[in-house]
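What follows draws every value from the coordinates through simple rules; no lab data is involved. It should be emphasised that the depicted structure is a prediction, and the values quoted were computed from it without experimental measurement. Cβ sites come from the backbone with ideal geometry, for glycine too, and all protein chains shown count toward neighbours.
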Amino acid sequence: MLPILANESCISPQVATFIILKIILDDVGLAHVCGTTENFFGVCRVLNMMLEDLENPPSPRLLKLMISCYSRLSQNCRARVALTTYLPNRLKDANLINFFRVSTSCDINIRSSIYQQNKYYKTCY
């Protein structure tokens, strides 16, 4: 399924990201994705490819979906550790960070994601 999601000509990035998010929002789906390194890095690769292909300025809706995916992945202890080193550079890009500041909906979602990560981090260690 991941190759189909990665192929932009078959499906839009927004729909692909929404599908990934719906899978990992379910606890069983999150456990499956984070259960093996192959599954986890496969999903991260697809998300990273879509993130790198974002135009400037990015679609706030697509960006919000992607941030939600990374936030949900970070709720798994093993995935959180991997994301500390595997988080895409594009999320650290100054232009994207400035876009977060301008877009209120993205800013609210990021603040919520940070709160959730801190909450779940305390339960893992």
With 0.36 nm assigned to each residue of separation and the Cα-Cα distance removed, V15 to F41 gains 7.4 nm
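Once the cut-off is 20 Å, how many percent of the Cα-Cα pairs in segment 13-103 end up in the long-distance tail?
Working: 1278 of 4095 pairs.
In whole percent, the share of Cα-Cα pairs in segment 13-103 beyond 20 Å is 31.
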Let's test the formula: R0 of 25 Å, r as the Cβ-Cβ distance of T85 and N56. What FRET efficiency results, to the nearest 0.05?
0.45
